[in-house]
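The values are calculated or read from the model by the stated rules, or taken from the named source; none is laboratory data. Fair warning: this is a prediction, and the values are worked out from it, not measured in the lab. For neighbour counting, all protein chains shown are included, and Cβ atoms are generated from backbone atoms with ideal geometry for every residue, glycine included. What goes into the accessible areas is simple: the full protein's heavy atoms, side chains included, and nothing from ligands, DNA or RNA. Shrake-Rupley method; radii C 1.70, N 1.55, O 1.52, S 1.80 Å.
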Amino acid sequence: MMPSSHDWINNPMGVVEGMFAQRNSNPQWGSKVVEYFKDKLKEKEAHTWVPSLNDVPLHYLKPDSLVKFRCLIQDMFDPEFYMGVYETVEPSNNAKVLKCGKYKDVTECGVDLISRNTVTSERQTFYCVPVPGESQWAKDSYACSSQARVVPSTSYVPSRQKRSYEEDDDMDTQPQKQRELHIEHHGNGDSKRQETEAPSSQTTTPSDCSSHLDLNFPLPGERGPACLVKVYEESDSFKLNDTIEVYGILSMSPVLSGVAEEKDLASSLLDPVESMETVEEQRAHSPPASLVPRLHMLFAKRLQHNNPLLPSAPLEDNSTVFSSFLSEITSVRADLLAYLTHILLGDGLAAEYLILHLISSVYSRRDVLPLGKFSLNLSGCPTTSPYTDKLYTIIQQLVPCSYRLGMSLQNMNSLRLVPRKDYVANRLVSGALQLSNNTSLFLDETQLEQGQLDTSGVRNVTALGNLISWQKVDYDFNYHKMEFPCNINVLISSEGRSLLPSDCQVHLQPQVTPSNMEEYFSTFLLAQMSSQLNRYRVYLTVARTLDYSISDEVTKAVEDDFVDMRKDDPQSISAEDLHRLLVVARLLSLSLGQTTLSRDCWMRAKHLEVLRTSRTEQQKSVNGNEP
């Protein structure tokens with residue numbers, strides 16, 4: 001018999017063991033287990049019943065229950081062996097019973113170690129962290145949509161749904177409070193500090209980096225649980241830096257921490273092979289389960305986007321959402337353009353280009369060239385006010401994931417941007433550029449001051465340049481570099497033209513000069529209803545994921561137009577200018593909900609580029625020393 005409606009959440013091992021018992025008649029029992037849970041989660045809203053590690057404190061979750069985790073694969077450890085099938089001996093009557101070791105960390109007592117029925121299997125381990133830079137509105141939206149009911153160790157029984165009614169006014173801060181409660185529950189001030197602060201510089205020693213209290217988050221100030229995900233099926237289909245949602249069986253047995261400590265003391269004496277592991281490696285790979293729970297993956301889905309306001313399946317598969325979006329895209333775009341124009345101090349042209357930037361995404365790679373990227377340098381930003389702080393706050397409210405990097409001399413010289421391999425602990429030490437796809441990276445160059453970049457600073461600036469130009473980060477493996485492609489939207493705010501490369505520079509021309517920047521921004525922030533912000537958030541995600549093509553007829557017209565433009569003055573437009581114009585035309589089409597290039601859009605893109613370049617030329621003549 002299969003478990004009843006919610007037993008499959010509270011006791012998933014009951015399903016596993018039930019199917020294992022039928023293995024003789026059903027040799028494919030392992031795949032049947034996965035199918036069972038996938039089918040259950042296809043039921044209407046069933047996925048909302050499963051508690052999430054992202055927004056439920058760990059001590060509220062039942063061990064060996066079904067949970068989910070929205071995360072980034074930060075590291076991949078070497079495969080490990082475990083007893084997939086083992087035999088136990090009952091002490092009372094010496095009866096032998098076959099047991100299933102899959103989806104478990106610890107075997108039952110009385111294992112017959114010399115049994116011929118033991119089956120050794122292999123599983124992969126992923127070290128996963130919460131999605132770096134996830135916006136608070138996204139976290140709150142995910143938490144609000146949950147209908148999971150969890151039972152803590154106390155008599156208090158929280159309900160996500162109940163809380164959303166009773167504490168609606170406090171909803172913005174509640175997920176943050178829950179995470180703080182989780183940390184305080186362990187009563188360790190050091191663990192709180194280490195969990196919320198990334199290692200500050202390259203000078204950290206290997207042993208410090210390997211501390212079991214360092215949860216290896218890519219970004220400083222991040223909170224949330226890290227997790228060791230045990231992968232049984234199709235581990236090759238996942239890769240480093242994938243953003244995934246894992247459904248699996250939670251394991252946080254205190255025995256795991258005890259096992260790790262015993263290994264530290266006894267492994268070198270008892271097992272020469274085990275002694276090849278360093279203490280640092282054991283700490284990194286076997287951290288306390290109270291800080292880093294184990295999650296035995298039943299299955300995981302790769303997230304095409306991280307927007308909780310939209311279904312995770314491709315939008316083309318959901319015709320209702322898709323047609324609804326297309327019907328009102330023009331009005332949403334107009335509202336967003338007006339909103340961003342206010343934010344950009346009345347500069348409508350800069351607002352147009354900011355929309356194009358926010359919906360840009362790498363859709364393909366031709367040799368080493370990433371196609372579709374559109375990094376934007378917004379120059380002319382005020383430096384005597386908190387303008388860039390406020391601008392980033394607005395962007396943070398619009399996109400699911402973002403990170404602001406103030407390019408001060410201290411940050412450039414001290415921050416670790418590029419992940420590196422720690423061979424002592426046998427793990428990848430994260431860096432601030434280990435980000436999920438479509439993260440908005442805001443580089444604030446207005447914080448630049450006079451001074452000298454050290455070796456680390458030069459490396460960091462080079463890494464940022466490579467990220468912008470080639471959408472790749474070269475991870476440091478000590479003896480060599482390993483190239484990891486990425487898809488990160490880079491916006492650079494600067495006073496003059498940026499020192500970093502960019503696909504497009506727009507010089508800000510304020511039409512209003514607020515006497516109080518704080519008040520100016522507060523007015524617009526308060527005026528925007530959350531429902532209106534949600535429309536913008538849906539719009540930006542959907543526009544980014546639309547397919548796009550150019551017909552042969554329009555391609556021929558564009559080629560003819562290019563020839564005409566060069567006829568009078570061959571220097572007036574280069575191949576690079578044409579490429580940028582095609583990118584602008586593509587993004588402009590998508591921003592209007594059009595999946596193919598029309599003649600009108602092409603002419604409109606040309607007009608935008610004429611306005612932008614004439615403004616840039618005008619600025620060059622004002623500042624003759626600017627490149």
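Tabulated values for the structure
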| read-out | value |
| --- | --- |
| Ser323, sole failed condition from (1) open to solvent by 40 Å² or more (accessible area, probe 1.4 Å); (2) closer than 21 Å to Gly496 by Cβ | (2) |
| So Ser621, is it at pLDDT below 95, of a type outside the set (A, V, I, L, M), in contact with a Ser or Thr (Cβ under 8 Å, 6 or more places away or on another chain) and exposed (fewer than 12 other Cβ atoms within 10 Å of the Cβ) | no |
| Identity of the residue in the range 538-591, open to solvent by less than 60 Å² (accessible area, probe 1.4 Å) and not in a helix (DSSP H, G or I), that ends up farthest from Tyr353 (Cα to Cα) | Ser551 |
| Those residues of the range 214-259 which are among the acidic types (Asp, Glu), without any contact (Cβ under 8 Å) to a residue 60 or more places away in the chain and within 28 Å of Ser135 (Cα to Cα), in sequence order | Asp214 |
| Meets criteria (farther than 24 Å from Leu378 by Cβ, of a type in the set (S, T, N, Q) and either in a helix (DSSP H, G or I) or at pLDDT 95 or above (or both)) for Ser436 | no |
| Lone unmet requirement of (1) under 27 Å from Pro370 (Cβ atoms); (2) among the polar types (S, T, N, Q); (3) in a helix (DSSP H, G or I) for Gln619 | (1) |
| From Ser549, Ser572, residue being modelled with pLDDT of 90 or more and polar (S, T, N, Q) | Ser549 |
| Any strands (runs of 3 or more DSSP E) falling wholly within the range 300-379 and containing at least 1 residues that are at pLDDT 90 or above and touching a helix residue (DSSP H, G or I) at 6+ places or on another chain (Cβ under 8 Å) | 369-371, 376-379 |
| Which listed residue, of Leu405, Leu354, Leu376, Leu417, is crowded, with 17+ Cβ neighbours inside 10 Å and over 30 Å from Gln619 (Cα atoms) | Leu417 |
| Verdict on Ser286 being polar (S, T, N, Q) and surrounded by fewer than 20 Cβ atoms within 10 Å (Cβ to Cβ) | no |
| Residues of the range 27-53 satisfying the condition of being over 25 Å from the mean Cα position of the chain (by Cα) and of a type in the set (Lys, Arg) | Lys32, Lys40, Lys44 |
| Counted residues, the range 478-507 - those being open to solvent by 80 Å² or more (accessible area, probe 1.4 Å) and touching a Ser or Thr at 6+ places or on another chain (Cβ under 6 Å) | 2 |
| Residues of the range 420-442 classified as more than 20 Å from Val129 (Cα to Cα) and open to solvent by 10 Å² or more (accessible area, probe 1.4 Å), total | 2 |
| Any hit, the range 452-462, residues being of a type in the set (A, V, I, L, M) and modelled with pLDDT of 95 or more | yes |
| Top-ranked residue of the range 26-45 - restricted to ones that are of a type outside the set (D, E, K, R) and within 10 Å of Leu298 (Cβ to Cβ), ranked as surrounded by the most Cβ atoms within 10 Å (Cβ to Cβ) | Val33 |
| Of all residues making up the range 226-241, the number that are outside any strand (DSSP E or B) and open to solvent by 10 Å² or more (accessible area, probe 1.4 Å) | 10 |
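Results for (1) modelled with pLDDT of 90 or more; (2) open to solvent by less than 50 Å² (accessible area, probe 1.4 Å); (3) β-branched (Val, Ile, Thr); (4) within 23 Å of the chain's Cα centre (by Cα), shown as yes or no for each residue.
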residue	(1), (2), (3), (4)
Asp55	yes, yes, no, yes
Phe81	yes, no, no, no
Val89	no, yes, yes, no
Lys102	yes, yes, no, no
Val111	no, yes, yes, no
Ile114	no, no, yes, no
Thr125	yes, yes, yes, yes
